[in-house]
1. If a residue must be among the charged types (D, E, K, R) and in a helix (DSSP H, G or I), how many such residues does the stretch 252-288 contain?
2. If you take the residues in the stretch 223-237 that are in contact with a helix residue (DSSP H, G or I) (Cβ under 9 Å, 6 or more places away or on another chain) and free of Cβ contacts under 8 Å to residues at least 12 places away in the same chain, which one is farthest from Val283 (Cα to Cα)?
3. Restricting attention to the stretch 106-155, which residues are among the basic types (Lys, Arg) and either without any contact (Cβ under 8 Å) to a residue 24 or more places away in the chain or over 24 Å from Leu174 (Cα atoms) (or both)?
4. Are there any pairs with C-beta distances below 7 angstrom linking a residue in the stretch 248-270 that is under 16 Å from Phe191 (Cβ atoms) to a residue that is surrounded by fewer than 17 Cβ atoms within 10 Å (Cβ to Cβ), with the two at least 6 apart or on different chains, and if so which?
5. So which residues in the stretch 203-252 are β-branched (Val, Ile, Thr) and out of contact with any Phe, Trp or Tyr (no Cβ under 9 Å at 6 or more places or on another chain)?
6. Would you kindly identify the helices (runs of 4 or more DSSP H) lying entirely within the stretch 134-242 that contain at least 1 residues that are of a type in the set (Ser, Thr, Tyr) and over 25 Å from Leu258 (Cβ atoms)?
7. Residue pairs, Cβ under 7 Å, 6 or more apart or interchain, first in the stretch 314-327 and within 14 Å of Ser295 (Cα to Cα), second of a type in the set (Val, Ile, Thr) and part of a helix (DSSP H, G or I). List them.
8. It is to be established whether one or more residues within the stretch 159-175 are more than 19 Å from Pro273 (Cα to Cα) and either in contact (Cβ under 8 Å) with a residue 24 or more places away in the chain or of a type in the set (Asp, Glu) (or both).
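Nothing in this text is a laboratory measurement; each read-out follows from the coordinates by a stated rule. Not measured: the values here are computed from a predicted model. Note that we place each Cβ from the backbone using ideal geometry, even for glycine, and neighbour counts take in every protein chain shown.
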Amino acid sequence: MFKIELKPFVNNLIRILLLKRFFRLIDFLLRPVSRLLNRTNRRIRRSFLYRRILSSGYFKKADNGLRKNLKNKLVLVFKSKMPTSNDNSTDGSENTSNQRPSSTILQNKIELALAATRAITIICTFFYVVPLFSRSVQYSAYQKALLANAATSALRLHQRIPNFRLNFEFFNMLMFEDSAHYLFYSLLFIFSRQITMVLLPIFLFALLHLLSFILRVMNEKNLQGQSYHRILQFIEKYKNYIFQMIALGEIFLMPILLFASLGDLSKLFILFPYYRFLIFRYVSRRNPYNRQMFSELKNSTLRIVQLPQCPLMVRNATYNVISMISGLSPVVEHQRTN
């Protein structure tokens, strides 16, 4: 008798269904980019045909009047399709000003590389969290997600500080950049044992910035359809929540590393550098969410401890822990001025 093992069959079926959903999601995210590439391809073909017709031998044999008439007709046809660089009129300048930002986004190699590395971070995080393959593949996806985030941070740092200088002022300015913080973050955890909480901040950052990039491309290409408004509503509604989740993930990763170091002494080599990373995030100039989350956690903990149902021993221990953490927190620049 031929027997079918039901459990492996069901597991393979679930994997196939999950992969179909994943590829549908990738298709939905890359659909605006494919439309954009198709439109640029059409524009390039039209401009090539335009130059081919203008440089053909028919105009050389035709009279001057017929040549001017045909050329003016072709200019009217292709005026809305390609920018005119030699036209000094107001219409030509408005046309080039409307089409110049879209070309800069497409031709900016750093922006395209940032979008690619962020997409790789999202895909590798998905393959690590969802157990579709073996453990070796999961560990490889974990490392590749951190490597892609390190590449993203390095490119972003190059955008923020393009000129490298070997002096104290440059490294002092480097320490206040968020991109340098997350480059240090990725290099810190890339060769350590897997901790799922490590991928939460870089995944949320990559998702948010990739959606913003897709929005910019769709806005420059006037693809403001239903998907554009959905992405815009999602960003406007959940942007602050995403930043708060990132800050909470970075804060709660510290006690996770502390408890993990009790069983694994190698985590102690990560614990102290990660404390420096938290200090950098706390004094960040562009991102105040870590300070806000620390103050909200402190206020909510004090509110719970001050309840009459709380035991006295727990209350005193909580006060000691809060005073110790407050003593370790650095002084922010605007607090010094005040």
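1. Here the count works out to 3.
2. Gly225
3. Of everything in the stretch 106-155, those that are among the basic types (Lys, Arg) and either without any contact (Cβ under 8 Å) to a residue 24 or more places away in the chain or over 24 Å from Leu174 (Cα atoms) (or both) turn out to be Lys109, Arg135, Lys144.
4. Once the first residue is under 16 Å from Phe191 (Cβ atoms) and sits in the stretch 248-270, its partners that are surrounded by fewer than 17 Cβ atoms within 10 Å (Cβ to Cβ) give Leu257/Leu271; Lys267/Ser261; Leu268/Ser261.
5. Answer for the stretch 203-252, where residues must be β-branched (Val, Ile, Thr) and out of contact with any Phe, Trp or Tyr (no Cβ under 9 Å at 6 or more places or on another chain): Val217, Ile231, Ile235.
6. 135-160, 178-189, 196-220
7. Sorted first by the residue in the stretch 314-327, then by its partner, the pairs are Ile322/Thr301.
8. yes
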